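Any read-out appearing in this document is the output of simple, stated calculations on the displayed coordinates, not a laboratory observation. All of these numbers come straight from a predicted model, not from anything done at the bench. Positions of Cβ are generated from backbone atoms using ideal geometry, with glycine treated the same way; all protein chains shown enter the neighbour counts.
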Amino acid sequence: MEGGAYGGGKAGAPLRPADLIRRPPLVLRAVCWLFSVIIFGCISSKGWIVDTESGKEVCLYNGDTNACNYGVGISVIAFLASIGFIVGEVMFDQMSSVKTRKHYVLGDLGFSAFWAFLYFVGFCYLTNAWGKSADPPEGVGVNQVQAAIAFSFFAIFTWAGCAFFAFQRFRQGAEAAFAPSYEVEGALGGGGGYSSYPGAPDPDPAYQDPPFTQQRGPGDFQAPTY
């Protein structure tokens, strides 16, 4: 949608589900939400096994409890943040304040870029820990652990994509804020000159200026008679 600040529609425009579905940032948010569910679901359900000797639960990532907790932690926060950003995308066109839109876009940009970095760290961390792990008994949980690693890798690009769209919005808003006034007027369809006051009567074509208002040339001077 065009016509609003920071790439959004004009405030107060009606919500159209068809337009929301075709909006790339909203689609990416839904994908981020789905990936977070898969990651923490796989680690929470099959990322732990009970050690037969100690009787305690052990993380399949080389027995590193921090690896399991890290994967679950960032995914749970990503799950909640994705829901919040989805709601924000739906209500973005209803934000009438330009400052509110700016704060939302900056928050989106910072959080998305930071979470893409955290997922990159998580992918490297889980991959390294899984490479040092011994095969679990009867291969229990192998598919889930590997799926968590794979979707952590995919999540890097989805969150980076969200950061990219947020950066485009911020740049568009910054360019509009510092654009010259004549460009803004041209974008709004101006440039045709000032129109007459609405409702003012048209000048009478039969009207003539009084004689004393006519300009005379140097040769038109006449001496007064006494």
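The value of relative contact order for the range 27-184, using C-alpha pairs under 8 Å at least six residues apart, is 35 percent. Residues Leu106, Leu28, arranged from fewest to most other Cβ atoms within 10 angstrom of their Cβ, appear as Leu106, Leu28. Calculated on C-alpha atoms, the gyration radius of the range 27-184 divided by its Kirkwood radius gives an Rg/Rh of 1.15. Karplus-derived 3J(HN,Hα) values for the range 69-78, using 6.51 cos²θ - 1.76 cosθ + 1.60 with θ = phi - 60°, are 5, 5, x, 5, x, 5, 6, 5, 5, 5 Hz; glycine and proline are entered as x.
By other beta-carbon atoms within 10 Å, ranking Phe123, Phe85 with the fewest at the front produces Phe123, Phe85.
Footprinting exposure proxy ranking of Ile43, Ile83, Ile38, fewest other C-beta atoms within 10 angstrom first, gives Ile83, Ile38, Ile43. Protection proxy ranking of 158-167, 51-60, by the mean of other Cβ atoms within 10 Å over each peptide's residues and highest first, is 158-167, 51-60.
P(r) tail for the range 59-134: Cα pairs beyond 21 Å make up 44% of the total.
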